[in-house]
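What follows is a short report on a single structure.
The values are calculated or read from the model by the stated rules, or taken from the named source; none is laboratory data. In this text the structure is predicted, and so the values were computed from the model without any measurement. Reconstructed Cβ throughout: ideal geometry from the backbone, glycine too, with neighbour counts over all protein chains shown. Accessible surface is based on the protein model in full, side chains and every heavy atom, while ligands, DNA and RNA are left aside. Shrake-Rupley method; radii C 1.70, N 1.55, O 1.52, S 1.80 Å.
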Amino acid sequence: MLFLDKYHDPRKNAQLLSQITENRLDYKQALHETDELFQQCLDKVPVPQPNNSSTPLSFSNKVSEGLFRLFAKPFSLLESTKAYVDAEGNVVPEWKTMLDHEYSHLLNTITREVNIEDFGGIGDGKTDNTVAFKKAIGNGRVKVIVPEGVFITKGIRLPSWTYLVGAGKWKTTIKLHDHALKESRLITNADHWQGNHHVFVQGLSLDWNVERLGIVTKTSTWGNHSSCLTYANVTFGWVKDVEGINPGLHCFDISSTLYNYAGDGYLARGGSKYVWLDNLSGHGFGDDGITTHHSDYIFISRCHMCDPSGRAHQRDFSNSNGFEVDDGSRNVLLVHNSSARCFGGVEIKAHQNSSAASNVKIVGHISVNDNRSYNFRHIGHHKSTDTESKSAYNITAVNLVAIAPIFTDLYKYSTPRGLVVSAYKNVVINYFTLIGDPQYNYNSNPVIAIQYRARNVVLKNILINDFKSSSAGIKVYGGKNKADSVTICNVEMRDSTLKAIDVGAGVQDIIVEKVIATETASKI
């Protein structure tokens, strides 16, 4: 069974995907096919949601949402970003050309190149370099070089037009001071309210030094604090070749000025946009490895997140995901990433009192031993008595791999799944390989669950292999909270003693085509 540790090189994920699936996928063709399936979803009128009789908000919740609306704007569904294959064979968003132009603009605007040691910086793992970094960075328009060593600081704030670069992961480490506050961000942009632009961080390990807190109930404070790197209200940002180590909250957070809970149908003001995260690694995170909030046009490529601590949450209830596309995020593209031993490998979601992430594309992801390899949901908009989500729309995924989802102490009572879709409309999953552990006890749980009022869901080219103790390969849940308007096509079951497709009571609109099962499995 594949094991991906914290030293896994995510730049090899594309090659690893080909080995696992035994198929070097033609991404041009697969992306085109997926776009056509997605357009069919958009053209289809789904089975209506059940009428609801939702519980009115309490007075305190009404006041809370009202206050957040002072910093919010109405939600709108953007036109979906196209992904394409460039001349080098890389899958990129259509706006990357503009970002490359802005990178050239950054380099041309820099007027100084300095070394942190020229300002008294010492990488001995003991000296406080906070003042040295502040002097070296100044007011920006600078490239600051940090050589090999361990540089202690109480936090670094980057103004616009700043390029901070080390000698590489595991060579240059920036570490939080033992006396840094729990809410400290190790690196962030200088002005979360007015915003910053053209900020680049590269070639570093970022150690949040959670050990300095000792034994605490919770390792984070609130909002977008307590992380290794936070971009809040940043336009044109890059983070490349960086490692996040043991943050109280997140390794990498691409955020708005404040997290916003003004209710479904609202977005935070001051979101980040046009940010590229590439070749990042992270482990030991209290919540998520990489997360986005209320930010648009985010590109996450060749990153690996594993082994969260979950200590930002109540014990046994840790929603710690490798990759989380959260509240109000729009037009996020994830390409050739990997996750291991998280609660969710990739979670696309929102809280009940926020708008959902929308227009999210995943191209190539490897999930190993995550509890829920891929988890798409809008919390609080699942049941027939909940209000229908106004924002949970539009997810496409190509070439996913889920290897041996498991039970986990992170979220003790969560059953393992390869995929869960709840509340979202217009979801297309094309080319999905799920590999179980034949010795593992899945306690008669399904591998894929389409549930909780999901609509317009398409699953095509699905391979499910070696799940011996699950109940079904794909279960479409019925009942009061049923999913509906589901298409399942080209499913192959291998060496799995389970039913291929299980459709619950009351599902009105379902198409099942071309299901192949071995002798030990039944089709439907």
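Between ARG372 and GLY344, GLY345, ARG417, the built amide H atoms are under 5 Å apart, and every one of these is 5 or more places off in sequence or on another chain. Summarising the overall dimensions of the range 150-224 from its C-alpha atoms, the Rg and Dmax are 13.4, 39 angstrom. Here the 3J(HN,Hα) profile of the range 332-337, calculated from phi with Karplus coefficients 6.51, -1.76 and 1.60 at θ = phi - 60°, is 10, 10, 10, 10, 6, 9 Hz, Gly and Pro shown as x.
According to the Cα-based calculation, Rg over Rh for the range 45-117 is 1.24, with Rh computed by the Kirkwood formula. Dipole orientation for the range 265-325: of the candidates HIS294, GLY284, ASN321, HIS294 has the Cα lying most toward the positive pole (charges on Cβ; Lys, Arg +1; Asp, Glu -1). Net charge in the neighbourhood of PRO446 (other residues with Cβ under 13 Å of its Cβ; Lys, Arg +1, Asp, Glu -1) is +3. The alpha carbons of the range 164-265 occupy a box of 43, 35, 20 Å along the principal axes, longest dimension given first. The 3J(HN,Hα) values that the Karplus relation (6.51, -1.76, 1.60; θ = phi - 60°) gives for the range 117-130 are, in residue order, 5, 5, 10, x, x, 9, x, 9, x, 10, 6, 7, 9, 4 Hz. Gly and Pro appear as x. Rg then Dmax, both in Å and based on the Cα atoms of the range 371-509: 14.2, 42. Does anyone have the angle between helix 59-68 and the longest principal axis of the chain? Alpha-carbon axes, 0 to 90°, nearest 10? Tilt relative to the chain: about 60 degrees.
Output the peptides 172-179, 256-263 sorted from most to least packed, where packing is the average of other Cβ atoms within 10 Å over each peptide's residues. Intermediate results must be reported in sequence, preceding the final value.
On the way: 172-179: 19.6, 256-263: 22.9.
Going by the mean number of other Cβ atoms within 10 Å, highest first, we get 256-263, 172-179.
Per-atom-type breakdown for the chain gives carbon and sulfur 49% of the accessible area (1.4 Å probe, protein chains only).
Take each peptide in 385-397, 503-515, count the other Cβ atoms within 10 Å of every residue, and average; sorted highest first, the result is 385-397, 503-515. Between amide H atoms placed 1.01 Å from N, distances below 5 Å from SER329 occur with HIS294, SER295, ALA357, SER358, all of them 5 or more places distant or on a separate chain. Each residue of the range 35-194 gets 232 Å³ once the volume of the Cα convex hull is shared out per residue.
Between the range 129-152 and the range 1-36, the alpha-carbon centres lie 37 Å apart.
Ligands, DNA and RNA aside, LYS96 has an accessible area near 30 Å² when probed at 1.4 Å.
Can you tell me the convex hull volume per residue for the range 384-449, based on C-alpha atoms, in Å³ to the nearest whole number? Don't skip to the answer; put the middle values down first.
Values: hull volume 8.2 nm³, N = 66.
Output value, Cα hull per residue: 124 Å³.
Computed over all pairs of different Cα atoms, the Kirkwood value for the hydrodynamic radius of the range 1-60 is 16.8 Å. Around the Cα centre of the range 88-246, unit charges on the Cβ atoms of Lys, Arg, Asp and Glu (plus for the first two, minus for the last two) sum to a dipole of about 400 debye.
So how do PHE317, PHE252 rank on accessible area, 1.4 Å probe, biggest first, that is with the largest at the start? Could the numbers behind the result be given before it?
On the way: PHE317 85, PHE252 0 Å².
Ranked list, largest accessible area first: PHE317, PHE252.
Within 10 Å, Cβ to Cβ, of CYS251, how many net charges do the neighbouring residues add up to if Lys/Arg are +1 and Asp/Glu are -1? Residues close to CYS251 contribute a combined charge of -4.
Averaging the Cα positions of each part gives two centres, and for the range 82-124 and the range 193-233 these lie 21 Å apart. In this simple spin-label model, placing a label point 7 Å from the Cα along the Cα-to-Cβ direction at both LYS82 and LYS182 gives a separation of 4.9 nm. If the Kirkwood radius is taken over C-alpha pairs of the range 298-338, then at 10 °C and 1.306 mPa s the Stokes-Einstein diffusion coefficient equals 134 µm²/s. For the peptides 17-24, 422-429, the ranking by mean Cβ contacts within 10 Å, running from highest to lowest, is 422-429, 17-24. The H on the amide N of SER226, modeled in the peptide plane, is under 5 Å from the matching H of SER184, ARG185, each at least 5 residues off or on a different chain.
Between the range 283-337 and the range 445-524, what is the separation of their alpha carbon centroids in Å? Computed from Cα coordinates, the inter-centre distance equals 27 Å.
Annotation: per residue accessible area for the chain equals 39 Å², rounded to a whole number [probe 1.4 Å, protein chains only]. Spin-label pair ASN23-ALA167: with each label point 7 Å from Cα along the Cα-Cβ axis, the two points sit 4.5 nm from one another. A helix-only calculation puts the chain at -3500 deg cm²/dmol for mean residue ellipticity at 222 nm, using -39500 (n - 2.57) for each DSSP H run of at least four residues, averaged over all residues.
Given axes a ≥ b ≥ c from the Cα gyration tensor, I'd like to know whether the range 300-397 is rounded (a/c under 1.5), prolate (a/b larger than b/c) or oblate.
It is oblate, given that a/c is not under 1.5 and a/b is not larger than b/c.
Quick one: angle between helix 27-43 and the longest Cα principal axis of the chain, in degrees between 0 and 90, rounded to 10, please. Taking Cα atoms only, the helix is inclined about 60 degrees.
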